[in-house]
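Here is the structure we will look at, set down as structure tokens.
The values are calculated or read from the model by the stated rules, or taken from the named source; none is laboratory data. Just so it is clear, the model here is predicted, and its values are computed rather than measured. When we count neighbours, we look across all protein chains shown, and the Cβ atoms used for this are built from the backbone with ideal geometry, even at glycine. Each accessible area value is taken on the protein alone, full model and side chains, heavy atoms only, with ligands, DNA and RNA left out. Shrake-Rupley method; radii C 1.70, N 1.55, O 1.52, S 1.80 Å.
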Amino acid sequence: MENTDFRFFFGCASGSARKALQKLEEPNVLLNYATANNTPFDTIENLFVDSGGYSQLLTGEAYQTSDREYLAYLRTHDPELFALRDYPCSPAVLRTHDRTVRDHQQRTTRHHRRLLDTFDDSGLTGEPVAVLQGWSPAQYLTHLDELRSEGLLTRYVGIGSLARRQNTSTVAQIIHQVRDELPENHRLHGFGVTPRVLQCPRVVTALDSADSTAYELRTRLEDRRNTWREQAYHYLRMKRQLETLTTSRSEQQSLVHFKA
């Protein structure tokens, strides 16, 4: 099922990136719960909260805050979308803990179950996003089947462990295959999907939303001062790049447009 709308969320982890997005009044923002700069600012219209599994599990055995603390944060800031806690399958994280992809898929499934079991009594109004984990296309489909069989496949589903990959064709293949196997009427988000991946054929029409902090990385690589003004420059450059990519939909709307 192809989507009819697409929304791109700009992530911000540093204080300078946060200031740039706020100054330029970016409405679609993804905040990482695990960062120090995780308080929403008043210009955000559509907030997506990521649980921060990559940063927390790259340095620790488990999440360094409790589920109760995460849920309290979500109740306070009331995001439109929020990720259920997952266990990334990037090689760096797996090597750190001497674990396998299957280990982290099973941990993700168990943690999803714990959070969803408390969802009805949590007081949350936002929409939970189950996160598929894996590394190869086949592994993602295995995890999709597992979440579906366990009754844990939420209406909005995210694909994790896509960021920092060099092989864009593999990322595109994962997105296409997950979309093909996703049940009807489910929506799909790509975590860490760069404009380069979105340029691959049919990726945009396979996704309902995506996010990236690629402009922050570009700022660190190209600008030693790393001020909010440099962040703003690279953010605007990335936004213009996204605006040049049009979909195959009849309206040919830009990627940064969202029709409510």
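Numerical summary
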item	result
All positions within the range 75-101 that are among the basic types (Lys, Arg), touching a residue at least 24 places away in the same chain (Cβ under 8 Å) and surrounded by fewer than 16 Cβ atoms within 10 Å (Cβ to Cβ)	75
Selected residue (criterion: nearest to residue 190 (Cα to Cα)) from residues of the range 112-137 that are in a helix (DSSP H, G or I) and touching a residue at least 40 places away in the same chain (Cβ under 8 Å)	137
Any hit, the range 32-49, residues being open to solvent by 30 Å² or more (accessible area, probe 1.4 Å) and aromatic (Phe, Trp, Tyr)	no
Residues of the range 155-173 satisfying the condition of being within 15 Å of the chain's Cα centre (by Cα) and among the β-branched types (Val, Ile, Thr)	157, 159, 171
Subset of the range 138-165 that is surrounded by 18 or more Cβ atoms within 10 Å (Cβ to Cβ), β-branched (Val, Ile, Thr) and without any contact (Cβ under 8 Å) to a residue 40 or more places away in the chain - its residue that is nearest to residue 87 (Cα to Cα)	159
Given (1) surrounded by fewer than 18 Cβ atoms within 10 Å (Cβ to Cβ); (2) within 18 Å of the chain's Cα centre (by Cα), index of the condition residue 120 fails	(2)
Evaluation of residue 240 against (1) closer than 22 Å to residue 48 by Cα; (2) in a loop (DSSP other than H, G, I, E, B) (one fails), failing number	(2)
Check on residue 148, basic (Lys, Arg) and assigned to a helix (DSSP H, G or I)	yes
Selection within the range 1-13 - touching a Ser or Thr at 6+ places or on another chain (Cβ under 8 Å) and either assigned to a helix (DSSP H, G or I) or open to solvent by less than 30 Å² (accessible area, probe 1.4 Å) (or both)	3, 6, 7, 8, 9, 10, 11, 12
Number of the exception - residue 221 against (1) assigned to a helix (DSSP H, G or I); (2) of a type outside the set (D, E, K, R); (3) open to solvent by 20 Å² or more (accessible area, probe 1.4 Å); (4) within 30 Å of residue 116 (Cβ to Cβ)	(4)
Residue in the range 161-181 that is modelled with pLDDT under 95, closer than 21 Å to residue 30 by Cβ, assigned to a loop (DSSP other than H, G, I, E, B) and basic (Lys, Arg) present	yes
Checklist (1) open to solvent by less than 40 Å² (accessible area, probe 1.4 Å); (2) in contact with a Leu (Cβ under 6 Å, 6 or more places away or on another chain) applied to residue 104, failing item	(2)
Number of positions in the range 19-43 that are free of Cβ contacts under 8 Å to residues at least 24 places away in the same chain and of a type in the set (D, E, K, R)	2
Some residue of the range 185-194 being surrounded by fewer than 22 Cβ atoms within 10 Å (Cβ to Cβ), assigned to a loop (DSSP other than H, G, I, E, B) and among the hydrophobic types (A, V, I, L, M, F, W, C)	no
Residue 57 vs. criteria open to solvent by less than 10 Å² (accessible area, probe 1.4 Å), modelled with pLDDT of 95 or more and within 18 Å of the chain's Cα centre (by Cα)	no
